[in-house]
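Structure first, commentary second.
The values are calculated or read from the model by the stated rules, or taken from the named source; none is laboratory data. Keep in mind that what you see is a predicted model, and the values were worked out from it rather than measured. For neighbour counting, all protein chains shown are included, and Cβ atoms are generated from backbone atoms with ideal geometry for every residue, glycine included.
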Amino acid sequence: MAVRTLLVACTLFLGMCLITSSRPTETTQAFCNIEWLLALPCAQVNKAIVTEIKSLKNIYKLGTVTPLQIQANHTSAPGQMEQVNFTMTPAAMGEGCRLHGFSMSAVWYSSFSNSTNYCNLQTVVNGSGLTKTPGFMEFTNEWRCLGLEDAACPSK
């Protein structure tokens, strides 16, 4: 019985060693999730975000755009790119829009981004003027947005 227990323990230990020595999962990448509530129709929110991303064409590349989703890439430095996505959900009774922003570093070893991902999202939303609309609210925290507490985003 002791030999069997030892064999099982060694097998589990070897398995853990193999799992942890392989390429890390996507959860090791730097990321940021932000939710915004806006008292505007989602179509207006979509247009404002697309217009702002197009105006920042030197650092953002607009990807797929649908009425409820916008995909883009942001170049933060030579060879460094982050995926930036905005998803809109109409609020109940058509009274506004819930906007979800997500930015993630493209390289697996970038576990800390010096708030790059937060700034990727803030640059677009601030520049679009959405932060100045009535009823604007932002929800995030350090667990949902790595580097949030140290964020010092450059102004446009």
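Note on the range 40-49: residues that are farther than 27 Å from Pro78 by Cβ, assigned to a helix (DSSP H, G or I) and among the hydrophobic types (A, V, I, L, M, F, W, C) amount to 4.
Would you say Glu52 is acidic (Asp, Glu), at pLDDT 90 or above and not in a helix (DSSP H, G or I)? Don't jump to the end; show me each part of the working.
On the way: acidic (Asp, Glu): yes; at pLDDT 90 or above: yes; not in a helix (DSSP H, G or I): no.
Here the answer is no, as Glu52 does not meet what is asked.
Check whether at least one residue in the range 75-83 is assigned to a strand (DSSP E or B) and within 11 Å of the chain's Cα centre (by Cα), and report yes or no. Scanning the range 75-83 turns up at least one residue that is assigned to a strand (DSSP E or B) and within 11 Å of the chain's Cα centre (by Cα).
Checking Thr75, Thr131 one by one, the residue that is under 23 Å from Leu40 (Cα atoms) and at pLDDT 85 or above is Thr131 and no other.
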